[in-house]
Amino acid sequence: MPRMDTSDPATSDPTGAAARARRLAVPGHRRILGIAGPPGAGKSTLAARLVDALDGLAVLVPMDGFHLARAELERLGRAARKGAPDTFDAAGYAALLRRLRTPEAGTTVYAPAFDRALEEPVAGSVAVPPDIPLVVTEGNYLLHDEGPWAAVRGLLDEVWFLETDPALRVRRLVERHVRFGKPRPYAERWVAESDEANARLVERGRTRADLVVRQGPRA
């Protein structure tokens, strides 16, 4: 259920968060846990660790599988803003969450993933069997409250906001872009002009989270 008050959310470290995730993974009951946060916060790493620790009780479904394809971004004139809210199929992501909330016996749902080497979404990459009790989904805009994104918060049983030291987060982003083939000056400019603009937008949703998970010192 969406968090209604605007007081500061409770906080936890990753160890406490893992215990909380285990309490959500109750066989026979499908729940969806969202992990939100700015680019480079470590959302996918935390989500993967939680799923691994739950040993078959959870599946990771990334929001990034709903990136629009590069050809479509170019057609729409949005390729230079890739990663902004309107460069995703937010309505499609919400539709998948609705389907995941009500699993059908004998029916496996297939979700898309995002291939960072290709920088493209890949359909049918993630299998979600009906008997898996916990779906973990992670992405920037799970707490965004504008346009079709506004529907997402109400489809998640809990949403955590991952807070990471800003300097570390920026370094991670630059190194990620370099690792996948971008020249360092380009990577630094993209992070400063695009990723950080998106980070400021994501930060606005922090008070809507159920829990803030803190990693490292806060600058």
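Quick note: the coordinates plus some simple rules give every number you see, no bench work behind them. For clarity, every value in this text was computed on a predicted model and none was experimentally measured. In this analysis, Cβ positions are derived from the backbone assuming ideal geometry, glycine residues included, and neighbour counts consider all displayed protein chains.
Here the range 163-219 is assigned +1 on the Cβ of each Lys and Arg and -1 on the Cβ of each Asp and Glu. Its dipole about the Cα centre then comes out at about 100 debye. A straight line joining the Cα centroids of the range 113-154 and the range 66-88 runs 16 Å. Here the dipole of the chain is about 240 debye; that uses its Cα centre as origin and unit charges on the Cβ of Lys and Arg (positive) and Asp and Glu (negative). Amide H contacts under 5 Å for THR11: VAL212, restricted to partners 5 or more places along the chain or on a different chain, H placed in the peptide plane at 1.01 Å from N. Relative to the current alpha-carbon distance between VAL178 and ALA71, full extension at 0.36 nm per residue lengthens the span by 36.3 nm.
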